[in-house]
Amino acid sequence: VRAMLVAFNTWLLLKASLETALTAGLWNAGSLNGLTWAKTSPSTPIIILMLIAATLLVRRMRLLEMGDDTACALGVSVERSRLLMMLVAVVLTAAATALAGPISFIALVAPHIARRISGTARWGLTQAALCGALLLLAADLCAQQLFMPYQLPVGVVTVSLGGIYLIVLLIQESRKK
């Protein structure tokens, strides 16, 4: 399925005008370059709505961390809660990806870094969101400043740093064994 979608995407890029193809290629690398408030306005209401929904689901998520049986005993509909949390996560991810393109490794790395820094998982969602925002900000600053006068797409920086982080995790895991 992935190969067919990549082939279709490539075909679309070949049929597009040069300017459209360049913009799509930049988006595909995950870029914040050229992103303006006007470009974010179509997805802003969706993002705000989903952030409110995520905030309302935090209690259920905390109860689900205790296990399905405990959460069910405390009155949480486990399947419904999981479905709602998945829906909120997918819509937030889709909205962010529609704006900036696929920026890899932020969502993978941020929760782990946040837990290591805080030493607790009590406010994990908030900590992970703040850590992800700070990581994206730092990666964007690196993308803009490291190779002046050229600006890299932020996705290039996050993929590079994410790869290094995964190698460090693999080394740490191999030392534990």
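Out of Gly124, Gly132, report the one residue that is surrounded by 15 or more Cβ atoms within 10 Å (Cβ to Cβ), over 15 Å from Ala29 (Cα atoms) and modelled with pLDDT under 85. Working first, answer last.
Numbers: Gly132 fails: modelled with pLDDT under 85.
After ruling out the rest, the residue left standing is Gly124.
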Filtered residue count, the range 28-52, keeping only those that are at pLDDT 90 or above and either basic (Lys, Arg) or within 17 Å of Gln127 (Cα to Cα) (or both): 2
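Can you tell me which of Val159, Val90 is under 15 Å from the mean Cα position of the chain (by Cα), more than 14 Å from Leu32 (Cα to Cα) and exposed (fewer than 13 other Cβ atoms within 10 Å of the Cβ)? Spell out how you get there, then give the answer.
Values: Val159 fails: exposed (fewer than 13 other Cβ atoms within 10 Å of the Cβ).
Result: Val90 is the single residue among Val159, Val90 that is under 15 Å from the mean Cα position of the chain (by Cα), more than 14 Å from Leu32 (Cα to Cα) and exposed (fewer than 13 other Cβ atoms within 10 Å of the Cβ).
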Flag for Leu57 being surrounded by 11 or more Cβ atoms within 10 Å (Cβ to Cβ), in contact with a helix residue (DSSP H, G or I) (Cβ under 9 Å, 6 or more places away or on another chain) and over 30 Å from Val157 (Cβ atoms): yes
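Out of all the residues in the range 93-106, is one or more within 19 Å of the chain's Cα centre (by Cα) and farther than 24 Å from Leu26 by Cβ? Spell out the reasoning first.
Filtering the range 93-106 for residues within 19 Å of the chain's Cα centre (by Cα) gives 93-106.
Within this subset, residues satisfying the condition of being farther than 24 Å from Leu26 by Cβ are none.
No.
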Based on what the data block shows, is Ala139 more than 22 Å from Leu51 (Cα to Cα), within 15 Å of the chain's Cα centre (by Cα) and surrounded by 15 or more Cβ atoms within 10 Å (Cβ to Cβ)? yes
Is it the case that Val6 is in a helix (DSSP H, G or I) and surrounded by 11 or more Cβ atoms within 10 Å (Cβ to Cβ)? no
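The values are calculated or read from the model by the stated rules, or taken from the named source; none is laboratory data. Quantities reported herein were computed from a predicted structural model and do not represent experimental measurements. Note that each Cβ is placed from the backbone with ideal geometry, even for glycine, and that neighbours are counted across all protein chains shown.
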